[in-house]
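Derivation of every value follows stated rules applied to the coordinates shown; laboratory data play no part. Every value quoted in this text rests on a predicted model; they were computed, and no experiment measured them. Glycine also receives a Cβ, built like all others from the backbone with ideal geometry; neighbour counts cover every protein chain displayed.
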Amino acid sequence: MESILERRHRLMTAGPRLYYDVPFHPVRGAGTAVWDIDGKRYLDCYNNVPHVGHCHPRVVQATGRQEALLNTNTRYLYDSVLDYAERLTATMPAGLDVCLFTCTGSEANDLAWRMARAFTGGDAAATSPHGYHGNTTFLDMIDGSAAREGRVAPDWWVTVAVPGPADGDEPGAARTRATAFARNIDAAVDTLRARGHRPAAYFFDTYFCSDGVFPPDDGVMGDGLARFRAAGGICIADEVQPGLGRTGEGWWGFERMGIVPDVVTLGKPLGNGYPIGAVVTRREIAEAFFATGRYFNTFAGNPVASAAGLAVLDVIESEGLQDNARRIGARIRDGLGELARRHEIIGEVRGAGLLLGVELVADRATRAPAGKETRHVINEMCRRGVLVGLTGPNRLARNILKIRPPLVAGDADVDRLLATLDGVLADL
Ligand SMILES: Cc1ncc(COP(=O)(O)O)c(C=O)c1O
């Protein structure tokens, strides 16, 4: 009989990739728990889409109620989309007060790019070397996360090294990183100009997730971003992965760095699984775009999407999930630090709140990636009932475990995650 995997290959080709060597087949979820087709229960320490927990009853009820009432074209008037835009922009710094909805993070970044071009008159983009911002034709052209042989990169795209966190308590490390980042931005602008292009947008994931999870500290990015702006471009903070309270220190990753972007793009966690994305920006940027541009999106910001988005915000606030992300994130980080003292393979633990990266290395001095072992670790963790992910700049040897559970993760989840990882590393 045809297996589900063979059926998938027949109907979808083998192109779209799956996680884990033995692909995971979930059928049900609740909070941080997921059950597979055989009824086995897993702890989800990876998924940021079910942001407030799988199938949170308040989100399910809110969307169900609205489904039963009305869901329609977004060219009509209704209140909840405005309520939602108001609530979302209220989480942002003053000035970032215009909100346009999309269905995905890719659509948000693509729209942000069109706005950047209209507002700046520029034509060139900068990203981190391994940044991923989505799947549209434009975003695929500036996708640094997938090193593809024979790909010709457009000459209007440049990459800028990840600014990175300050190195521990080393005196002056943040200052050194800030100077290096500003210099790298200058060099990127010079390269674009030498090629006959003008900067329009610098896109950055505020945790640099696909580069390997490198959230920059306060003060590291400010000078560089100011220089990019002085060169005519605008700065687009991609909060698709870190955003919406996950950092534990506020709503957004950029708050940790003490900067205010020109545009913020949102996606994955907003609807707890209902597809919602958004672009939040200043009025002058949106108006410059609409002076010549057009934006219509049949499904984005529809009444059910708005109900889902509002319910997610309500749950984060009423259940104190930002604070939970801070407390539980700190517990996981401390526990990982403790594991690093006993397992040589852990090269570094990075991140804050409930978005952490654990770099596995073959040698602590050279930091050679332990790619094969990392792959084994995520597969073995899954076999033992804990889902974690994999990221990193090196396509052939991705060696960073990505830990990014729903914000409702609790103390028992921390214990299970750490005990399972300890066991898997001990058996390597
Ligand atoms: C940082 C970042 N930006 C944008 C996207 C694209 O979002 P979507 O898959 O919803 O289009 C992703 C998806 O993984 C992402 O991680």
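Data for the structure
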| item | result |
| --- | --- |
| Average Cα contact separation per residue, the chain, under 8 Å, 6 or more apart, as relative contact order % | 22 |
| Angstrom value of the Kirkwood radius, inverse mean 1/r, which spans all Cα pairs in the stretch 143-268 | 15.2 |
| Those chymotrypsin sites (Phe, Trp or Tyr not before Pro) in the stretch 293-352 that DSSP places in a loop and that have at most 10 other beta carbons within 10 Å | F296 |
| Shape of the stretch 232-276, Cα gyration tensor, a/c cut at 1.5 | oblate |
| Exposure proxy ranking, count of Cβ atoms within 10 Å, fewest first, for R383, R227 | R383, R227 |
| Computed helical MRE - 222 nm, the chain, DSSP H runs ≥ 4 contributing -39500 (n - 2.57), nearest 500 | -12000 deg cm²/dmol |
| Taking the stretch 119-227 and dividing mean pair separation by its residue count, relative contact order in percent (alpha carbons under 8 Å, at least six apart) | 38 |
| Using a Förster distance of 30 Å, the FRET efficiency for D314-Y78 (Cβ separation, nearest 0.05) | 0.95 |
| Candidates N324, N399, N71, ranked by Gaussian network fluctuation over the chain, Cα under 10 Å, top entry | N71 |
| Helix runs (DSSP H) in the chain reaching 20 Å along axis by Cα, Kyte-Doolittle at least -1.0 | 105-120, 173-194, 303-318, 321-342, 411-426 |
| Three-way shape label, the stretch 16-102, alpha-carbon gyration tensor, a/c 1.5 | prolate |
| Of the trypsin sites (Lys or Arg not before Pro) in the stretch 2-103, those whose Cβ has at most 16 other Cβ within 10 Å and which sit in DSSP loop | R17, K40, R75 |
| Ascending count of other beta-carbon atoms within 10 Å, so fewest first, for F254, F290 | F290, F254 |
| All-pairs Cα distance distribution in the chain, expressed in whole percent, bin size 10 Å | 5, 21, 31, 27, 14, 2, 0 |
| Ranked L77, L43, criterion: other C-beta atoms within 10 Å, fewest first | L77, L43 |
| Those GluC sites (Glu not before Pro) in the stretch 1-70 that DSSP places in a loop and that have at most 13 other beta carbons within 10 Å | E2 |
| Global form of the stretch 195-274, assessed from the alpha-carbon gyration tensor, a/c cut-off 1.5 | prolate |
